[in-house]
Amino acid sequence: MMDHFAGKATAFDVEDSWKADMLAAASYSGLNIKVSDVHKLSSQLVTGAPAGLTQFQPVADASQYFPTLEFLLRTFGEDRLIFGTNWPVSDAGGIFVDSIDLEIGILESFLADQYAGVRDKVMYENALRVYSPRK
């Protein structure tokens, strides 16, 4: 499992070096990506600095996050993306906003444009498969 966009810079740009790393990582069929702390991708734009422990008002426009989410969905497929919040740490990146509601809203908005079944896989079915005890 790779957490938090697998080390992606906290910016809306989809950096070539990160894309290359993700394309290489995708060759490992058992590797999943946790899409957590999604709102922190807006840190660079809002604060001028990478996300840290300082609070900021995240960008609420879900479409700004779509290029990164689209790349991950194309690269890993709907069976290997797992929604996560990183709560309670995620609240450090969201002043005057419920970070969990914001993160859910961003993902739900993105997934609404995908074909049937993708939303359920990303939002909970993949987590059940990966984190459930094996029998």
Taking the stretch 25-67 only, how many residues are buried (at least 19 other Cβ atoms within 10 Å of the Cβ), assigned to a helix (DSSP H, G or I) and free of Cβ contacts under 8 Å to residues at least 60 places away in the same chain?
5
Being buried (at least 16 other Cβ atoms within 10 Å of the Cβ), of a type in the set (Asp, Glu) and modelled with pLDDT of 95 or more narrows Glu70, Glu103, Glu108, Glu78 down to just Glu78
Residue check, Asp113 more than 14 Å from Val35 (Cα to Cα), open to solvent by 20 Å² or more (accessible area, probe 1.4 Å), modelled with pLDDT under 95 and outside any loop (DSSP other than H, G, I, E, B)
no
Do you know which residues across the stretch 1-24 are of a type in the set (S, T, N, Q) and either surrounded by 12 or more Cβ atoms within 10 Å (Cβ to Cβ) or within 17 Å of Ile82 (Cβ to Cβ) (or both)?
Thr10
I'd like the full set of residues that are in contact (Cβ under 8 Å) with a residue 24 or more places away in the chain, within 19 Å of Phe5 (Cα to Cα) and not aliphatic (A, V, I, L, M), limited to the stretch 113-133.
Lys121, Tyr124, Asn126
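The values are calculated or read from the model by the stated rules, or taken from the named source; none is laboratory data. Remember, predicted model here, so these are calculated numbers, not experimental data. Note that each Cβ is placed from the backbone with ideal geometry, even for glycine, and that neighbours are counted across all protein chains shown. Side chains are part of the model used for accessible areas, which takes the heavy atoms of the whole protein and leaves out ligands, DNA and RNA. Shrake-Rupley method; radii C 1.70, N 1.55, O 1.52, S 1.80 Å.
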